Amino acid sequence: MQTFQLLRAWSDYLAVSGTVSPRTARQYRRYAIAFMADVLMPLEDVTEDDVVGWLAEHCVRGPMRGQMLRALKSYYRWALARGYVDRDPTARIRIPKQRYGRAPALTEEQLEAVFAAAELVDPRARPTLELMYATGARLGSIAAVMPEDVDLEQAWIDFREAKGGQPYGLPLGPRGLAAARRLLELRDWHPPKVGGRLPTLVGVGPARIRQWVQRAGDLAGIRVWPHLLRHSTITRLAAVGTDVRTIVEFANWRDPSQLRRYAAPLDPNLRAAASVL
């Protein structure tokens, strides 16, 4: 098989195997192609030194090192199991553990300022940002929601695309319900100079939503990025004493290991301990 035939076969396997989400499968494919373009050789000829050298040059720090390694490891595991390669050049390279500090969050006043500013960006921007905050959903999950995934009568929303390839659903509170209703009202709207829109609830892809968030932050004078809305959601849930199981389900986490990033600064026992020192 030629290299691109192998990439296509691997991509098809990811699409039907359910091992990763469709969005992750697309990212893996892009990472593999980008790596091959940089090293200028077929993936089946790559050695461990090639991978290490590329990582040293392009992924000195940050999450990209882990993302690229996951993509390459996925490809080589698949290819090795089927006899398309005789070795896995990534086998001895460990994926670095991510180190998380305290999660940042916006105050209620900052959130309202960003939401108000979003009204100046696009008619769909404010309800989109409010829905992101009201559900704590990741950017890719919000962008993939279809109109039929929203049940206004039951005040419920389903996320068909989620991290880890595990779809989930959540109830909608007053803010989320109002935001979803407004987006449904705008389901056929698009800017006059744009010829059409996506069939999704929001009508645009993740890149455009990211632009809305950043533009609203610029107008409000507040640095904002999409995941900061999610951080703010979970911080708010922790602040009002929501039980751990509920937060884990709301955030669509596999386990509560990340909760400390949000709850520790609010823990009265920690503060009581510090007060005696």
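Each value in this text was obtained by applying a stated rule to the coordinates, not by laboratory testing. Computed from a predicted model, the values in this text were never measured in an experiment. Cβ: placed from backbone, ideal geometry, glycine included. Neighbour counts: every protein chain shown.
I'd like to check something: does the stretch 208-215 contain any residue that is farther than 19 Å from Ala143 by Cβ, in contact with a Leu (Cβ under 7 Å, 6 or more places away or on another chain), surrounded by fewer than 18 Cβ atoms within 10 Å (Cβ to Cβ) and of a type outside the set (S, T, N, Q)?
The answer is no; no qualifying residue exists.
Checking the conditions here, which among Arg92, Arg102, Arg87, Arg70 is surrounded by 14 or more Cβ atoms within 10 Å (Cβ to Cβ) and among the basic types (Lys, Arg)?
None of the others qualify; the one that does is Arg70.
Give the stretch 63-91 a look and list any residue that's closer than 18 Å to Thr24 by Cα and free of Cβ contacts under 8 Å to residues at least 40 places away in the same chain, or say none.
Pro63, Met64, Arg65, Gly66, Met68, Leu69, Lys73, Tyr76, Arg77
Restricting attention to the stretch 3-41, report how many residues are in contact (Cβ under 8 Å) with a residue 40 or more places away in the chain and either farther than 30 Å from Phe159 by Cβ or touching a strand residue (DSSP E or B) at 6+ places or on another chain (Cβ under 9 Å) (or both).
2
Quick one: count up the residues across the stretch 108-133 that are surrounded by fewer than 11 Cβ atoms within 10 Å (Cβ to Cβ) and either β-branched (Val, Ile, Thr) or within 20 Å of the chain's Cα centre (by Cα) (or both).
Matching residues across the stretch 108-133 total 0.
Out of the helices (runs of 4 or more DSSP H) lying entirely within the stretch 164-258, which hold 3 or more residues that are among the hydrophobic types (A, V, I, L, M, F, W, C) and either in contact (Cβ under 8 Å) with a residue 40 or more places away in the chain or at positive phi (or both)?
Answer list for the stretch 164-258: 174-185, 206-220, 226-239.
If you scan the stretch 145-162, which residues turn out to be surrounded by 16 or more Cβ atoms within 10 Å (Cβ to Cβ) and in a helix (DSSP H, G or I)?
Correct list: Asp149 only.
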